[in-house]
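Chemist: The structure follows.
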Amino acid sequence: MIEVRKEGIILSKTESEFENEGVLNPAVMRVGDSVYIFYRAVQLWNQSTIGYCRLDGPLTVAERWEKPFMIPEFDYESHGIEDPRITKIDDTYYMSYTGYDGVNARGALATSKDLIHFEKQGMIVPPISYAHFVFLVESAGRVNENYYHNHKFYYQESDPEEKILLWDKNVVFFPRRINGNLVFLHRIRPGIQLVSIKNIEDLTPKFWNDYFQNFQDHIVLDPVYQHESSYIGSGCPPIETELGWVLIYHGVEETEDGLVYSACAALLDLNDPLKELARLPNVLFTPEYEWEREGDVNNVCFPTGTAIFGDTLFIYYGAADSHIACASLKLSDLVKELLDCIKVKENNIDTINGIKSKFEDTPKVKEIPTVKKVAKTKKNSKTRKNEK
């Protein structure tokens with residue numbers, strides 16, 4: 001049984017111009033006893049930059065900048081730098097983020113050797129129109145039709161003269177090379193896909209054309225359960241355990257209160273993360289407290305970063321698109337719960353039961369503190385630019 005403790009709000013907006021509308025969706029990197037947070041900072045009119053703070057331990061703010069850490073510089077990010085994630089691979093930090101140009105929202109990358117000076121590498125998702133994507137995946141066949149039934153999303157508010165590219169977001173790198181390759185997750189609605197390359201320079205138009213010709217072979221997860229029935233998306237960088245990659249992702253459900261964003265969990269194969277070993281049939285956690293249910297966009301728990309201290313996994317998330325909050329749980333409890341759901345053949349059951357026995361005596365976390373809950377609220381209207 002997983003016991004999740006809601007630690008509450010870590011960061012809220014300030015009077016500084018660059019973050020006077022909200023703070024949310026942080027990239028997180030633990031170095032020693034410090035946790036470095038690079039977060040989406042929003043000012044009026046939905047203009048986003050990246051803010052910075054440092055925590056002592058998992059929860060205590062020790063340093064916070066009063067100016068943006070990273071700002072838009074290029075056309076592809078002219079209206080905002082959004083929703084960063086960060087990992088370290090070899091000796092390089094990879095910060096992926098969404099560049100928003102006022103029409104298109106697509107995955108981009110910046111890299112650093114020292115966690116201070118980042119060099120932008122540009123867009124790393126395909127420069128392909130939605131119409132061309134539909135043509136390619138229909139030609140490929142075998143693909144869930146929900147991948148090419150998003151016309152209302154792409155065209156309901158568009159100017160016929162605007163060039164609407166495929167929205168390809170939630171780029172999240174694995175924290176090491178797998179079989180010698182850089183590997184990252186990305187999200188074309190409604191599922192999560194995977195890219196494996198030797199170098200970033202390999203992401204050529206020919207690569208992407210071949211990729212979409214075999215699109216079904218690159219899908220890691222598609223929605224299965226009710227709480228993820230609208231769509232899912234990559235969340236935190238995958239966590240390596242001896243039993244597989246633990247993936248914390250977000251699931252979205254359409255309810256009578258509008259869209260509800262929840263944190264979910266799955267287990268992927270260590271050597272072939274295209275293989276889903278297991279996923280939780282229920283949410284890991286979902287909006288329930290005031291800071292999660294009421295904000296710029298209601299009913300949102302959007303996990304984007306983690307830090308591990310001992311056996312405790314701290315999950316940092318955007319709450320109602322207004323705050324940065326944190327939840328904690330025992331990583332071993334989560335792995336054990338995923339093993340209970342694992343997809344194994346009959347001749348592997350004894351092996352799995354033997355592995356599970358390692359976690360029988362894991363201590364439990366403290367009880368969840370008493371925090372004010374609020375009644376269900378109607379969700380704010382969500383425009384194309386707010387879509388996650």
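Chemist: Specify which of the listed residues (I178, I164, I200, I192) is within 19 Å of the chain's Cα centre (by Cα) and of a type outside the set (S, T, N, Q).
Modeler: When all the criteria are applied, what remains is I192.
Chemist: Can you tell me which residues in the stretch 217-261 are of a type in the set (G, A, S), within 19 Å of F302 (Cβ to Cβ) and over 11 Å from the mean Cα position of the chain (by Cα)?
Modeler: Passing the criteria: S229, S230, G258.
Chemist: Being at negative phi and surrounded by 15 or more Cβ atoms within 10 Å (Cβ to Cβ): is that true of I81 here?
Modeler: yes
Chemist: Which condition does L115 not pass, out of (1) touching a residue at least 60 places away in the same chain (Cβ under 8 Å); (2) surrounded by fewer than 16 Cβ atoms within 10 Å (Cβ to Cβ); (3) of a type in the set (A, V, I, L, M); (4) touching a Ser or Thr at 6+ places or on another chain (Cβ under 9 Å), if it passes all the others?
Modeler: Result: L115 passes all but (4).
Chemist: Now a separate question. May I ask you to verify whether G57 is of a type outside the set (A, V, I, L, M) and at pLDDT 95 or above?
Modeler: In short, yes.
Chemist: Is it the case that some residue within the stretch 74-87 is in contact (Cβ under 8 Å) with a residue 24 or more places away in the chain, within 26 Å of F285 (Cα to Cα) and hydroxyl-bearing (S, T, Y)?
Modeler: The answer is yes; a qualifying residue exists.
Chemist: Also: Which one of these is in contact with a Leu (Cβ under 7 Å, 6 or more places away or on another chain) and part of a strand (DSSP E or B): R85, R106?
Modeler: R106
Chemist: Now for a different question. Considering only the stretch 23-33, I want to know if a residue exists there that is of a type outside the set (S, T, Y), closer than 14 Å to T304 by Cβ and surrounded by fewer than 24 Cβ atoms within 10 Å (Cβ to Cβ).
Modeler: Yes - at least one qualifying residue is present in the stretch 23-33.
Chemist: In this structure, does I2 turn out to be within 22 Å of H250 (Cα to Cα) and either of a type outside the set (S, T, Y) or modelled with pLDDT of 95 or more (or both)?
Modeler: yes
Chemist: Report yes if some residue within the stretch 131-144 is among the basic types (K, R), in contact with a helix residue (DSSP H, G or I) (Cβ under 9 Å, 6 or more places away or on another chain) and either modelled with pLDDT under 85 or more than 30 Å from P68 (Cα to Cα) (or both); otherwise report no.
Modeler: For the stretch 131-144, residues among the basic types (K, R), in contact with a helix residue (DSSP H, G or I) (Cβ under 9 Å, 6 or more places away or on another chain) and either modelled with pLDDT under 85 or more than 30 Å from P68 (Cα to Cα) (or both): present.
Chemist: Within the stretch 150-163, is even one residue closer than 19 Å to I188 by Cα, touching a Leu at 6+ places or on another chain (Cβ under 6 Å) and either outside any strand (DSSP E or B) or modelled with pLDDT under 95 (or both)?
Modeler: Looking for residues that are closer than 19 Å to I188 by Cα, touching a Leu at 6+ places or on another chain (Cβ under 6 Å) and either outside any strand (DSSP E or B) or modelled with pLDDT under 95 (or both), one finds none in the stretch 150-163, hence no.
Chemist: Which one is nearest to Y249 (Cα to Cα), of the residues in the stretch 49-73 that are over 22 Å from the mean Cα position of the chain (by Cα), surrounded by 13 or more Cβ atoms within 10 Å (Cβ to Cβ) and in contact (Cβ under 8 Å) with a residue 40 or more places away in the chain?
Modeler: G57
Chemist: While we're here: Quick one: which residue in L284, L280, L270 is surrounded by fewer than 18 Cβ atoms within 10 Å (Cβ to Cβ) and under 27 Å from K336 (Cα atoms)?
Modeler: None of the others qualify; the one that does is L270.
Chemist: Which one of these does P126 not meet: (1) within 21 Å of the chain's Cα centre (by Cα); (2) part of a loop (DSSP other than H, G, I, E, B); (3) surrounded by fewer than 22 Cβ atoms within 10 Å (Cβ to Cβ)?
Modeler: Every listed condition holds for P126 apart from (3).
The values are calculated or read from the model by the stated rules, or taken from the named source; none is laboratory data. Keep in mind that what you see is a predicted model, and the values were worked out from it rather than measured. No Cβ is skipped: glycine too gets one built from the backbone with ideal geometry, and neighbour counts run over all protein chains shown.
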